[in-house]
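One structure is given here, and the rest of the page talks about it.
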Amino acid sequence: QVQLVESGGGLVQPGGSLRLSCAASGFIFWANPMYWYRQAPGKQRELVATITGSGSTNYQDTVKGRFTISRDNAKNTVYLQMNSLNPEDAAVYYCNTVAGVKNYWGQGTQVTVSS
């Protein structure tokens, strides 16, 4: 049974940093690309960052240079380091993968950016 459990969200001031984690289980983690999405109130869910099994990464233009996605295949965990946060980054952040033919999501973790 595939499970994705996010953690690390919270309230941060503009310019601050947070590190999100996603603990994965139930599939061959090292072989799977992993994704971080976010969804702000009233907006569609959007792809933020991608990391392949071999560690290649890709980012949405608005977060390039500020966010870093990484993975620890020994711990079956993917991370999202977020620096220089601004109010436009506030959203629920979701971890995602595709295993077999099914799309899996975590429960999400809330990121609030406010002074």
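Just to verify a result, which residue in the stretch 73-105, among those that are loosely packed, with under 15 Cβ neighbours inside 10 Å and within 12 Å of Val2 (Cα to Cα), is farthest from the chain's Cα centre (by Cα)?
Across the stretch 73-105, the extreme among qualifying residues is Gly100.
Can you name every residue in the stretch 40-70 that is within 11 Å of the chain's Cα centre (by Cα) and in contact (Cβ under 8 Å) with a residue 40 or more places away in the chain?
Val48 - this is the single residue of the stretch 40-70 that is within 11 Å of the chain's Cα centre (by Cα) and in contact (Cβ under 8 Å) with a residue 40 or more places away in the chain.
Being buried (at least 18 other Cβ atoms within 10 Å of the Cβ) and outside any strand (DSSP E or B) is the filter here, so list the residues in the stretch 106-115 that pass it.
Residues satisfying the conditions are Gly106, Gly108.
Give me the pairs, please: first residue somewhere in the stretch 100-115 and in contact (Cβ under 8 Å) with a residue 60 or more places away in the chain, second residue anywhere and open to solvent by 80 Å² or more (accessible area, probe 1.4 Å) and not acidic (Asp, Glu), beta-carbon distance under 7 Å, and either six or more positions apart or on two chains.
Between residues of the stretch 100-115 that are in contact (Cβ under 8 Å) with a residue 60 or more places away in the chain and residues that are open to solvent by 80 Å² or more (accessible area, probe 1.4 Å) and not acidic (Asp, Glu), the close pairs are Thr112/Leu11; Ser114/Leu11; Ser115/Gln13.
Just to verify a result, which residue in the stretch 20-44, among those that are part of a loop (DSSP other than H, G, I, E, B) and open to solvent by less than 50 Å² (accessible area, probe 1.4 Å), is farthest from Asn83 (Cα to Cα)?
Phe27
Name the single residue, out of those in the stretch 45-59 being open to solvent by less than 40 Å² (accessible area, probe 1.4 Å) and not in a strand (DSSP E or B), that is nearest to Ala31 (Cα to Cα).
Looking at residues that are open to solvent by less than 40 Å² (accessible area, probe 1.4 Å) and not in a strand (DSSP E or B), I get Gly53.
The values are calculated or read from the model by the stated rules, or taken from the named source; none is laboratory data. This structure is a prediction, so every number in the text was calculated from the model and none was measured. Quick reminder, even Gly has a Cβ in these numbers, built from the backbone with ideal geometry, and neighbours come from all protein chains shown. Please note that ligands, DNA and RNA were not included when accessible areas were found on the heavy atoms of the full protein model with its side chains. Shrake-Rupley method; radii C 1.70, N 1.55, O 1.52, S 1.80 Å.
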